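Following: one structure in structure tokens, then a few remarks.
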Amino acid sequence: MRQICVIGVGYVGLVTGACFADLGNRVIAIDINEERIKNLKKGVMPIYEPGLEELVERNIHAGRLVFTTSYAEALKGAEFAFIAVGTPSGDNGEADLKYVEAAAKSIAQNMTAPLIIINKSTVPIGTGDWVADIVTGAQLQPVPFSVVSCPEFLREGVAIADFMNPHRTVIGSLHRDAAEKVAQLHLPLRAPILITDLRTAEMIKYASNAFLATKISFINEVADICEALGADVKEVATGMGYDKRIGAAMLDAGLGWGGSCFPKDVKALAFMAEEKGIEPRILNTVTKANYDRRGKVVRQVEEMAGGLKGKTIGLLGLAFKPNTDDMREAASIDIARGFLEAGAKVRAYDPVAMDNARHLLPAVTLMEDPYKLAEGCDALVVVTEWNEFKNLDLAKVRDAMKTPILFDGRNIYEPAEMRTLGFTYRGIGRQ
Ligand code: NAD
Ligand code: UGA
């Protein structure tokens, strides 16, 4: 049984810890957030992620998963320490590494035996070397260690399945022995393993996220062209996706990408390029095109409703994507603010993200279900494609509304059916 320490019990750390425990390892997960650790010990999850609660409970009961706020306890007997703390955007788009720095110092001050320190957080190129310097400088006594980069590629909402079935495992280190040991740890996941140097591994993560974001921005531009020229972007995407060189994933046109990673990672990669005198033309355009979509939906609904002043707009969904409570960089935030600034009243319903949305959008009235949301609305906007919205009693929704205007920002409904039901309907890139 290997012993692993996981630092940070957020979306990545908690999933990583619980999954490694489920694979038969002993995992001690540490966080500086005492409330989170206290709750986890009682089986209360700090985040919403399907299947996570059962997975955590099962492994706590099996004695393979333990939570603590003490670095000394977390590192005692550990062979591996995964850093999975946040790396949010700084003021100029750069990745803010203060949590990584604090974690590295705490590791250094509390390690008493040789350790492989693995960076799972998404960190700028060169961070692995920097972490090694911090650890060396902060150690109270010299204890051997290696730093390895092992970026995470999971998606929220399907995080456990993604962690357990990755497309690849990327391992970067200048120490071959350490890289091999980390590779062994990942063998049960049965994915191709790429061992490379630290900087290349760190870059693979940024390049992957930036490419996926570019793919979405591309299909969104195609959607706008489809709409103007009489084509249907859903079928265009299907037709493109059959080509294995293109692939079907990440071709859903809509309100654009949000979340805790694409926005910050595209910006951070652009920042790194600019620091080296390289103009990141594609990355800058991809980001601008993405954020423009949020203002565009407000203008489109304004046009459909004949003005927004005094109107009531209902948002179906708030989370940045379905099956998560994560509101970080959710499109709903800018969209709700856009409607409010135009003089509309805004209300919203989301199956799980309303608690997190409350403090971000204090002027938005949160409703208890989609039907209550629809009552008296001048227009409804689908912002997040939750499954429960796909099977609504739409006749009931229509009857509850003041005017049956439906803007489907995620293309979950069929235009012809919606019009037959009596809605004034508009999707993205469709006729
Ligand atoms: P998160 O904000 O959900 O969780 C981070 C956790 O780290 C928090 O619980 C926080 O209290 C804790 N923490 C902060 N400083 C600490 C310290 N010094 N010691 C111990 N714990 C500390 O973050 P996340 O979404 O899990 O993202 C973590 C990293 O993984 C980021 O770099 C992100 O880019 C990357 N990533 C995230 C995802 C995702 O889907 N969220 C996917 C792949 C990669
Ligand atoms: C994304 C990547 O997919 C993961 O591989 C990566 O590990 C993660 O970022 C990260 O680094 O944090 P995630 O943000 O959880 O995962 O979710 P995605 O499913 O990729 O969706 C991101 C955003 O793009 C969402 O706002 C979603 O609505 C939007 N999206 C996604 C589209 O508009 N169209 C699509 O076809 C797919």
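The values are calculated or read from the model by the stated rules, or taken from the named source; none is laboratory data. Note that the coordinates shown come from a computational prediction; the quantities given were computed from them, not determined experimentally. Note that each Cβ is placed from the backbone with ideal geometry, even for glycine, and that neighbours are counted across all protein chains shown.
Given the residues GLU180, GLU202, which is the only one that is acidic (Asp, Glu), closer than 25 Å to ALA132 by Cα and more than 13 Å from ligand 2 (Cβ to nearest atom)?
From the options GLU180, GLU202, the qualifying one is GLU180.
Table: residues versus (1) away from ligand 1 (no atom under 15 Å from the Cβ); (2) crowded, with 19+ Cβ neighbours inside 10 Å; (3) within 23 Å of the chain's Cα centre (by Cα); (4) among the hydrophobic types (A, V, I, L, M, F, W, C).
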| residue | (1), (2), (3), (4) |
| --- | --- |
| ARG2 | yes, no, no, no |
| ALA29 | no, yes, yes, yes |
| MET45 | no, no, yes, yes |
| PRO50 | no, no, yes, no |
| GLY77 | yes, no, no, no |
| PHE82 | no, yes, yes, yes |
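Name, by its number, the condition in (1) under 27 Å from the mean Cα position of the chain (by Cα); (2) more than 16 Å from ligand 1 (Cβ to nearest atom); (3) buried (at least 16 other Cβ atoms within 10 Å of the Cβ); (4) closer than 16 Å to VAL100 by Cα that does not hold for ASP129.
Exception for ASP129: condition (3).
Out of the residues in the range 353-406 meeting the condition of being more than 25 Å from ASP252 (Cβ to Cβ), of a type in the set (A, V, I, L, M) and part of a helix (DSSP H, G or I), tell me which one is nearest to ligand 1 (Cβ to nearest atom).
For the range 353-406, the residue satisfying everything is ALA400.
Give me the residue from the range 407-431 that is of a type in the set (Lys, Arg) and part of a loop (DSSP other than H, G, I, E, B) and, out of that set, farthest from ligand 1 (Cβ to nearest atom).
ARG430
Restricting to the range 257-302, name every residue that is basic (Lys, Arg), in contact (Cβ under 8 Å) with a residue 40 or more places away in the chain and over 24 Å from ARG426 (Cα atoms). Please lay out each step first, then the result.
Step one: of the range 257-302, the residues basic (Lys, Arg) are 264, 267, 276, 281, 288, 293-294, 296, 299.
Now narrow it down to the ones that are in contact (Cβ under 8 Å) with a residue 40 or more places away in the chain: 264, 267, 293-294.
The answer is LYS264, LYS267.
Scan ARG155, ARG199 and give me the residue that is charged (D, E, K, R) and either at pLDDT below 95 or in a loop (DSSP other than H, G, I, E, B) (or both).
Selected residue: ARG155, the only one of ARG155, ARG199 that is charged (D, E, K, R) and either at pLDDT below 95 or in a loop (DSSP other than H, G, I, E, B) (or both).
For the range 43-56, state whether one or more residues are touching a strand residue (DSSP E or B) at 6+ places or on another chain (Cβ under 9 Å) and not hydrophobic (A, V, I, L, M, F, W, C).
Scanning the range 43-56, I find no residue that is touching a strand residue (DSSP E or B) at 6+ places or on another chain (Cβ under 9 Å) and not hydrophobic (A, V, I, L, M, F, W, C), so the answer is no.
Filter the range 35-60 for residues that are more than 19 Å from ARG155 (Cα to Cα) and touching a residue at least 40 places away in the same chain (Cβ under 8 Å) and give the result.
Passing the criteria: only ASN59.
May I ask you to list the residues in the range 219-262 that are under 11 Å from ASN290 (Cβ atoms) and either more than 9 Å from ligand 2 (Cβ to nearest atom) or in contact with a His (Cβ under 8 Å, 6 or more places away or on another chain) (or both)?
GLU221
For the structure I just gave you, tell me whether SER173 is more than 16 Å from ligand 2 (Cβ to nearest atom), touching a residue at least 12 places away in the same chain (Cβ under 8 Å), surrounded by fewer than 23 Cβ atoms within 10 Å (Cβ to Cβ) and over 21 Å from the mean Cα position of the chain (by Cα).
On the way: more than 16 Å from ligand 2 (Cβ to nearest atom): yes; touching a residue at least 12 places away in the same chain (Cβ under 8 Å): yes; surrounded by fewer than 23 Cβ atoms within 10 Å (Cβ to Cβ): no; over 21 Å from the mean Cα position of the chain (by Cα): yes.
It is false that SER173 is more than 16 Å from ligand 2 (Cβ to nearest atom), touching a residue at least 12 places away in the same chain (Cβ under 8 Å), surrounded by fewer than 23 Cβ atoms within 10 Å (Cβ to Cβ) and over 21 Å from the mean Cα position of the chain (by Cα).
Do we find that MET250 is of a type in the set (A, V, I, L, M, F, W, C), part of a helix (DSSP H, G or I) and at pLDDT 95 or above in this structure?
Spelling it out, it is not the case that MET250 is of a type in the set (A, V, I, L, M, F, W, C), part of a helix (DSSP H, G or I) and at pLDDT 95 or above.
State which residue is nearest to LEU269 (Cα to Cα) when the search covers only the range 71-120 and only residues that are among the basic types (Lys, Arg) and touching a Ser or Thr at 6+ places or on another chain (Cβ under 8 Å).
Filtering the range 71-120 for residues that are among the basic types (Lys, Arg) and touching a Ser or Thr at 6+ places or on another chain (Cβ under 8 Å), the one nearest to LEU269 (Cα to Cα) comes out as LYS120.
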